Amino acid sequence: MQARQPFTYYAVLAALFLIPLVPYKTYVGPLPLSAEVVLIPLITVAALADYSKRRIKLNDFPFTPIAIAFAAFFVIAVISLVKAASLAPAIMELARYLSYVVLFFIVVKVQFTREQYRRFAQSFGLSALIVGAYGIVQYIFGISLNTAGLYALKEAKGRVDSTLVNPNYYASFVNLLIPAFLLLAVVYWREKKAQLLTFAVYAMYVINLILTYTRAAWVAMLGGLALVVLLMPKTFIKNAVRPHMLLSFMVLLTIVYFMPDVQSRTYSAVYAMEKIVSKHLPGGIADRLAGGNGDEGGGFLDDEADGDETAEDEATTNRAVVSRVTLWKTGWAMMKENPVIGVGIGNYLVRYKEYVTKYPELDIGHDQYSVHNSYLKVGAETGFLGLIAFVAIYIVYYAYLFRLYRASTDRLCKLITVALIAGSATFLVQNLSNNLIFIPQLNTIFWLISGLAMAFVHEAAARPSQPQA
């Protein structure tokens with residue numbers, strides 16, 4: 001490494017460490033002040049200064065396709081301002097969006113050294129380790145546990161959110177990490193001690209995820225695991241069936257099975273999925289799923305549906321499903337009535353009261369309430385054109401990932417790519433039931449890690465093969 005590093009390196013290093021750790025947010029007048037609000041401009045200024053002084057160079061990462069996708073959505077979002085009832089949230093939403101784009105552009109295009117990337121990984125890894133350890137401590141000692149949704153939990157003290165403010169946000173953050181630590185433990189390390197130590201960290205994050213009691217995140221974690229196995233079937237399975245790894249998985253599964261409310265919450269998750277899916281299936285199939293043909297034992301879960309306690313759980317889950325579906329219907333109604341350019345970027349909450357007043361069946365007793373679906377929020381605010389452009393960003397994003405996956409010959413690069421594919425998939429899936437894409441702390445981490453990982457793998461492909469660790 002050079003004796004004097006560019007300012008951009010230090011700014012990125014600080015962002016990787018501080019953004020996951022610092023949940024503090026305040027306002028200076030109408031302007032928000034938080035770690036990402038300070039650090040993204042700092043990275044931008046540092047990069048401009050370093051580039052002008054030739055302390056950094058740009059790599060040849062092909063940025064044009066995703067730049068076009070980013071620009072297309074931005075143009076549509078700006079056009080949607082003509083429908084915005086309030087410009088203040090619209091401008092704030094556009095500013096946040098541009099900050100993510102600029103951040104991603106910088107970290108994916110600046111040419112860092114392999115040693116600098118190693119330091120980045122260490123900085124983020126240490127921060128994530130502290131966040132995960134604090135999550136366990138938070139639950140054990142009952143420190144500021146989140147009690148939203150606690151009515152559905154009979155044994156748990158509360159829900160863990162660590163430094164991510166909300167259990168749903170924290171669950172998504174943990175799901176971004178889990179594929180990487182699983183692959184490090186099972187595939188990357190060769191020594192048994194390193195494998196077991198890394199698996200212990202992976203287990204810590206799995207336990208953290210369980211303690212968020214976010215059902216959608218549990219389902220997403222299983223989907224991420226399936227992707228890992230599908231993308232590295234021979235390598236992963238061959239290493240996973242080694243005796244010490246099998247024993248590790250069995251111990252973890254046993255611990256998880258006996259954690260508070262896991263069994264009832266899992267049943268509730270399956271029941272909720274059944275209810276949501278059955279509403280959108282043809283009548284005959286829906287009846288069979290729900291046991292609605294009048295036949296005893298006709299539903300998948302009928303064997304579990306005995307007793308007052310289970311009936312109470314089902315009633316609670318039904319209320320949660322109805323509430324969430326009602327929120328989605330509100331977003332859909334807003335999008336259908338404003339199909340071209342929506343109600344204006346950032347204006348969903350501004351128009352929420354108007355729509356639940358207009359359609360009383362959508363009213364769940366709040367003047368403002370999130371749609372709990374990032375894609376419906378985008379569609380409601382920028383119309384079908386905006387939704388198509390927004391989804392195109394992630395289609396291009398995945399096109400990059402699969403191109404890098406096919407081009408990777410280095411074991412570490414292949415692991416990073418698969419971990420990013422699986423982790424990003426959990427993030428995007430969880431956005432079907434939450435507005436995670438619009439959470440600055442979480443979305444900044446997503447684009448920061450994505451950009452650095454893509455750039456590292458891309459640059460590694462242009463370097464001679466390095467000895468494996």
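The values are calculated or read from the model by the stated rules, or taken from the named source; none is laboratory data. These figures come from a predicted structure and were not determined experimentally. Because the Cβ atoms are built from the backbone with ideal geometry, glycine has one as well, and the counts that use them run over all protein chains shown. What goes into the accessible areas is simple: the full protein's heavy atoms, side chains included, and nothing from ligands, DNA or RNA. Shrake-Rupley method; radii C 1.70, N 1.55, O 1.52, S 1.80 Å.
Values for this structure:
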| read-out | value |
| --- | --- |
| Options LEU145, LEU153: the member that is in contact (Cβ under 8 Å) with a residue 60 or more places away in the chain and more than 26 Å from THR198 (Cβ to Cβ) | LEU153 |
| Single match in TYR117, TYR151 (criterion: at pLDDT below 95 and farther than 22 Å from VAL429 by Cβ) | TYR151 |
| Complete set of residues in the range 78-112 that are open to solvent by 60 Å² or more (accessible area, probe 1.4 Å), within 20 Å of PRO62 (Cα to Cα) and in a helix (DSSP H, G or I) | LEU98, PHE105 |
| The range 212-253, residues that are among the basic types (Lys, Arg) and either open to solvent by 60 Å² or more (accessible area, probe 1.4 Å) or part of a loop (DSSP other than H, G, I, E, B) (or both) | LYS234, LYS238, ARG242 |
| VAL322 of a type outside the set (S, T, N, Q), surrounded by fewer than 22 Cβ atoms within 10 Å (Cβ to Cβ) and either assigned to a helix (DSSP H, G or I) or modelled with pLDDT of 95 or more (or both) | yes |
| Any hit, the range 23-35, residues being open to solvent by 50 Å² or more (accessible area, probe 1.4 Å), at pLDDT 95 or above and of a type in the set (A, V, I, L, M, F, W, C) | no |
| Neighbours by Cβ (under 8 Å, 6+ apart or cross-chain): first from the range 221-240, without any contact (Cβ under 8 Å) to a residue 40 or more places away in the chain; second assigned to a helix (DSSP H, G or I) and not β-branched (Val, Ile, Thr) | VAL229/PHE236 |
| Criterion violated by THR26 - all others in (1) outside any strand (DSSP E or B); (2) over 21 Å from PHE173 (Cβ atoms); (3) in contact with a Ser or Thr (Cβ under 9 Å, 6 or more places away or on another chain) satisfied | (1) |
| Positions within the range 133-169 being in a helix (DSSP H, G or I) and either at positive phi or open to solvent by 20 Å² or more (accessible area, probe 1.4 Å) (or both), in sequence order | ALA133, TYR134, ILE136, VAL137, TYR139, ILE140, PHE141, LEU150, TYR151, ALA152, ASN168, TYR169 |
| Which numbered condition PRO62 fails, given (1) closer than 20 Å to GLU459 by Cα; (2) in contact (Cβ under 8 Å) with a residue 24 or more places away in the chain; (3) over 20 Å from the mean Cα position of the chain (by Cα) | (2) |
| Residue within the range 256-273 that is within 27 Å of GLY125 (Cβ to Cβ) and either in a helix (DSSP H, G or I) or at pLDDT 90 or above (or both) present | yes |
| Residue check for THR8: among the β-branched types (Val, Ile, Thr), open to solvent by less than 10 Å² (accessible area, probe 1.4 Å) and in a helix (DSSP H, G or I) | yes |
| Index of the failed condition, GLU381 passing every other in (1) without any contact (Cβ under 8 Å) to a residue 12 or more places away in the chain; (2) under 26 Å from VAL321 (Cα atoms); (3) charged (D, E, K, R) | (1) |
| Unmet requirement for TYR97, which otherwise passes all of (1) farther than 17 Å from ILE449 by Cα; (2) out of contact with any Ser or Thr (no Cβ under 8 Å at 6 or more places or on another chain) | (1) |
| Complete set of residues in the range 371-411 that are under 15 Å from GLY331 (Cα atoms) and open to solvent by 40 Å² or more (accessible area, probe 1.4 Å) | TYR375, PHE384 |
| Positions within the range 79-92 being more than 18 Å from VAL391 (Cβ to Cβ) and either in contact (Cβ under 8 Å) with a residue 40 or more places away in the chain or within 24 Å of the chain's Cα centre (by Cα) (or both), in sequence order | LEU81, VAL82, LYS83, ALA84, ALA85, SER86, ALA88, PRO89, ALA90, ILE91, MET92 |
| LEU420 being at pLDDT 95 or above and open to solvent by 10 Å² or more (accessible area, probe 1.4 Å) | yes |
| Lone unmet requirement of (1) under 27 Å from THR64 (Cα atoms); (2) of a type in the set (Val, Ile, Thr); (3) surrounded by fewer than 16 Cβ atoms within 10 Å (Cβ to Cβ) for ILE364 | (1) |
| Answer residue from the range 189-211, given it is in a helix (DSSP H, G or I) and without any contact (Cβ under 8 Å) to a residue 12 or more places away in the chain and is least open to solvent (accessible area, probe 1.4 Å) among those | ALA194 |
| Flag for SER408 being in contact (Cβ under 8 Å) with a residue 24 or more places away in the chain, farther than 16 Å from LEU103 by Cβ and more than 17 Å from the chain's Cα centre (by Cα) | yes |
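For (1) outside any helix (DSSP H, G or I); (2) touching a residue at least 60 places away in the same chain (Cβ under 8 Å); (3) of a type outside the set (Lys, Arg); (4) open to solvent by less than 20 Å² (accessible area, probe 1.4 Å), each residue gets a yes or a no:
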| position | (1), (2), (3), (4) |
| --- | --- |
| ALA49 | no, no, yes, no |
| ARG55 | yes, no, no, no |
| ILE66 | no, yes, yes, yes |
| ILE76 | no, yes, yes, no |
| GLN116 | no, yes, yes, yes |
| LEU126 | no, yes, yes, no |
| VAL131 | no, yes, yes, yes |
